[in-house]
Amino acid sequence: MLPHPLSAVDCKEYLNPTVYVAEGGDCSTLLYVEVFNVTFEGDFFGLTDLTETSVTCSVTDDARDMEISFGNVSSHNELINVTDLKVKLGFSQTSTGYWKSKDVTVSYNDISLTSTFSAVPPISKKFSFACSSMTNTTVSDGKAVEPTKAIVSLKNYQVQVFNVANTKFSTEIQCVTWISEGAWMGIVAGVLTITILILSIMMLLNTATPDRFETAKSKCLIIPHEH
């Protein structure tokens with residue numbers, strides 16, 4: 001059993017662009033990634049540094065799984081040795097024709113660690129998904145007492161699991177937009193405040209004094225009523 005993780009390793013210095021391709025039958029997947037690590041407490045596995053890999057794609061109902069096998073490997077500082085290391089990325093499709101990430105599973109030494117994987121939001125099957133931010137997902141064996149955990153990290157990656165043609169990515173949807181959610185909130189609040197201010201000023205400018213006033217000779221206002 002491996003120790004519990006403390007934190008994900010920042011591996012900017014270990015950039016190693018790698019493309020994982022899985023084709024066969026009705027299932028084709030592509031994954032380009034520059035940082036791909038599995039981190040434990042004492043050390044981490046730089047998966048893009050491992051060259052002896054095999055990739056498979058499987059289809060189950062409305063889901064597609066991309067499983068990458070790394071074999072028997074040692075961690076970066078050779079503090080941890082595992083047998084039959086595998087990382088499986090699960091994706092699902094919605095009833096409206098969109099796809100998204102579903103779960104991630106790390107298996108080794110007959111141990112399986114899994115967790116939900118929310119890196120990819122629902123997007124059209126016509127597009128791939130790309131992200132330059134670090135995505136960290138903590139996987140666990142689910143035990144209530146002293147669970148075994150690890151952290152799966154991806155950075156600078158692009159993935160596509162539907163409509164893969166000629167082993168090429170289609171147009172990507174970026175995870176980082178030009179305007180963040182916080183900026184949009186500020187813009188909407190600012191526009192609303194300015195609109196209210198302009199309307200208030202217009203109402204004040206349209207306020208006019210009466211051009212006629214009552215005098216002693218003016219007729220009284222009589223409101224008829226029935227008895």
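Rolling a 1.4 Å probe over the protein heavy atoms leaves Met134 with an accessible area of roughly 60 Å². With the simple model of a label 7 Å out from the Cα in the direction of the Cβ, Met202 to Ser58 spans 6.3 nm. Where a ≥ b ≥ c are the square roots of the eigenvalues of the C-alpha gyration tensor, would you call region 125-207 rounded, which needs a/c under 1.5, or, failing that, prolate if a/b is larger than b/c, or oblate? Taking the square roots of the gyration eigenvalues as a ≥ b ≥ c, region 125-207 is oblate. Largest accessible area first, the listed residues Thr138, Thr53 line up as Thr138, Thr53 when surface is computed with a 1.4 Å probe on the assembled protein chains.
Residues Ser153, Ser112, Ser133, ordered by accessible area of protein heavy atoms at a 1.4 angstrom probe radius and largest first, appear as Ser112, Ser133, Ser153. Shown in residue order for region 72-79 are the 3J(HN,Hα) couplings computed by the Karplus curve 6.51 cos²θ - 1.76 cosθ + 1.60 at θ = phi - 60°: 8, 9, 10, 5, 4, 9, 6, 8 Hz (x for Gly and Pro).
The values are calculated or read from the model by the stated rules, or taken from the named source; none is laboratory data. Nothing here was measured: the structure is a model prediction, and the numbers come from that model. Ideal geometry is used to build each Cβ from the backbone, glycine not excepted, and the neighbour counts take in all protein chains shown. The area values use the complete protein model at the heavy-atom level, side chains included, leaving out ligands, DNA and RNA. Shrake-Rupley method; radii C 1.70, N 1.55, O 1.52, S 1.80 Å.
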